[in-house]
Amino acid sequence: MLKTILITGATDGIGKHLAQKMANEGHEVIIHGRNPEKLRKALSDIQLKSGNQQVHAYLADFSIMSDVYHFAHEIKTDFQKIDVLFNNAGLYAGSQRQATAEDVELTFMLSVQVPYILTTELLPLLGKSDAGRVINTSSFMHHFAKVKNLDFGMTEDYTPGLAYNNGKLYTIWLSHYLAQKLQTKATKVTINSYHPGLISTNLGNDSSDAKVQSSFFSRMMKFFSKDLDQGIETGYYLSLSDEVASITGRYFDGKKLKRVSYKGYSEEKAARLIRYCDEKIEQYKVI
């Protein structure tokens, strides 16, 4: 059965490659990007290679809260149903802490705040699917997170690597917590997170910081990276496989359930994470 699939951060790398595969199979695909030229090119490439005109492109800068909400509003206006929300947009930020107008650190914004907003805003559309799915992109690097003080804003001890690792852990916390909450409601929507493997993408190269572009992280990505066909396997599997239709709140790697370093996860700590996100949303509404 053909699906309607929304993929954020889909102008290159895993996002674009996954969108291409989905379009090739005839699914209706919604791609997102923040660069207008790259978005136009991605849309043209995918439509041309697939022959599928049911591919749509939406522009939004997810470092700006108003853009996130405008994007969600456009999707709710233009579509009656979403089968898969694939939160793929991400960032490996620069050596100096950067934040939104609401003082949300940018790595956290892309990894946690945006997936939280999009999941909650688009839940009614996901609920209209026979089996709505949310897939959040985490990373093996969550094993190296340090979150003792739950400094979600990274105001006390910022490095780009720590922000990235912590953000990927919080992505797992978010997925687990929201999945548990949804299980108490009359919905079939599932939420899972996954590690795509080390893929040589523009994650670090998008930074304007030369130190980040030449960092150990970026060099490691290039040296150990999988090809894109391998990189999209687990995301594709989580999006469409019947084998995971009833699984929710879990973490996958290589199309298998994997152990998670919860780093002291508790429902109370996850609730604090959600409260932090909600407080930033309230700040945005006031601003």
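When Arg133 is tested against (1) surrounded by 24 or more Cβ atoms within 10 Å (Cβ to Cβ); (2) over 23 Å from Thr11 (Cα atoms), only condition (2) is not met.
Among the residues of region 20-55, those that are closer than 18 Å to Val114 by Cβ and not charged (D, E, K, R) comprise Ile30, Ile31, His32, Gly33, Asn35, Leu39. Whether any residue in region 43-53 is hydrophobic (A, V, I, L, M, F, W, C), more than 30 Å from Met141 (Cα to Cα) and assigned to a loop (DSSP other than H, G, I, E, B) is what I want to check. Taking every residue of region 43-53 in turn, none turns out to be hydrophobic (A, V, I, L, M, F, W, C), more than 30 Å from Met141 (Cα to Cα) and assigned to a loop (DSSP other than H, G, I, E, B). Working only within region 262-287, note down all residues that are modelled with pLDDT of 95 or more and either within 14 Å of Phe152 (Cα to Cα) or in a loop (DSSP other than H, G, I, E, B) (or both). Of everything in region 262-287, those that are modelled with pLDDT of 95 or more and either within 14 Å of Phe152 (Cα to Cα) or in a loop (DSSP other than H, G, I, E, B) (or both) turn out to be Lys269, Ala270, Ala271, Arg272, Leu273, Ile274, Arg275, Tyr276, Cys277, Asp278, Glu279, Lys280.
Test Gly90 against the stated conditions and say whether it is touching a residue at least 60 places away in the same chain (Cβ under 8 Å) and of a type in the set (Gly, Ala, Ser). Yes.
So is Phe140 of a type in the set (Phe, Trp, Tyr), surrounded by fewer than 24 Cβ atoms within 10 Å (Cβ to Cβ) and touching a residue at least 24 places away in the same chain (Cβ under 8 Å) or not?
Yes; evaluated as a whole, the condition is true for this residue.
Please list, ordered by first then second residue, the pairs with beta carbon atoms under 8 Å, 6 or more apart or interchain, first in region 58-80 and without any contact (Cβ under 8 Å) to a residue 40 or more places away in the chain and under 16 Å from Lys285 (Cα atoms), second exposed (fewer than 15 other Cβ atoms within 10 Å of the Cβ) and of a type in the set (D, E, K, R). Listed pairs, sorted by first residue: Asp67/Asp61.
Is it the case, given these coordinates, that Ser111 is of a type in the set (Ser, Thr, Tyr), outside any helix (DSSP H, G or I), at pLDDT 95 or above and closer than 26 Å to Leu238 by Cβ?
It is false that Ser111 is of a type in the set (Ser, Thr, Tyr), outside any helix (DSSP H, G or I), at pLDDT 95 or above and closer than 26 Å to Leu238 by Cβ.
When region 145-191 is filtered for residues that are of a type in the set (A, V, I, L, M), part of a loop (DSSP other than H, G, I, E, B) and farther than 19 Å from Arg97 by Cβ, the ones remaining, listed by number, are Ala186, Val189.
Examine region 47-68 for a residue that is under 19 Å from Leu123 (Cα atoms), among the β-branched types (Val, Ile, Thr), touching a Leu at 6+ places or on another chain (Cβ under 9 Å) and modelled with pLDDT of 95 or more, and state whether such a residue exists. Looking through region 47-68, at least one residue is under 19 Å from Leu123 (Cα atoms), among the β-branched types (Val, Ile, Thr), touching a Leu at 6+ places or on another chain (Cβ under 9 Å) and modelled with pLDDT of 95 or more.
Only residues that are within 20 Å of Ser241 (Cβ to Cβ) and at pLDDT below 90 were counted in region 188-210, giving 1.
The values are calculated or read from the model by the stated rules, or taken from the named source; none is laboratory data. Note that the coordinates shown come from a computational prediction; the quantities given were computed from them, not determined experimentally. Positions of Cβ are generated from backbone atoms using ideal geometry, with glycine treated the same way; all protein chains shown enter the neighbour counts.
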